[in-house]
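Note sheet for the following structure.
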Amino acid sequence: LTEGNYTYITQKCWDYFVNLMRNVTTAELCEWKVISRPYSELQGCLEFWADHLNYSYPNALAEQYIFQSHHRYFHNCTLEHPVYFDPPEDVLLAMIIAPICLIPFLVTLVIWRSKDGKAQA
């Protein structure tokens, strides 16, 4: 009974999402500030009713509607600006330690060269 109720309600969540998306122009489909509300409404509706009916979330039916939204509306969206991630911890550590270790060497080199210059003068 719960699964049947959830199936019926998820269709209503989808219908509401489709109705909200009617107000979005083709040019705006990839603009997060425009589509975030309808998308969040769909996700919230699916999650709320799953929780309300003691149905697990995420679940196959909810994922199907999320995938369907991407396929129908957002399949042509690409990231205009690439998302940058922090490097792995070992690389980050090497990038921090290398300059720190290089400083005493460079200071020593400068002092040694300046003493060498005085001796020749």
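Below is a table of values for the structure above.
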{"read-out": "Any pair with Cβ under 6 angstrom, 6 or more apart, that starts in the range 56-74 at a residue that is on the phi < 0 side of the Ramachandran plot and ends at one that is part of a loop (DSSP other than H, G, I, E, B) and at pLDDT below 95", "value": "73/29"}
{"read-out": "Identity of the residue in the range 66-102, closer than 19 Å to residue 32 by Cβ and either aromatic (Phe, Trp, Tyr) or open to solvent by less than 60 Å² (accessible area, probe 1.4 Å) (or both), that ends up modelled with the lowest pLDDT", "value": "84"}
{"read-out": "Within the range 20-44, considering residues that are open to solvent by 80 Å² or more (accessible area, probe 1.4 Å) and not in a loop (DSSP other than H, G, I, E, B), the one nearest to residue 10 (Cα to Cα)", "value": "37"}
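The values are calculated or read from the model by the stated rules, or taken from the named source; none is laboratory data. Every value quoted in this text rests on a predicted model; they were computed, and no experiment measured them. Here Cβ is always computed from backbone atoms with ideal geometry, including for glycine, and neighbour counts include all displayed protein chains. Ligands, DNA and RNA are stripped out before the accessible areas are found, and what is left, the full protein with its side chains, is counted by its heavy atoms. Shrake-Rupley method; radii C 1.70, N 1.55, O 1.52, S 1.80 Å.
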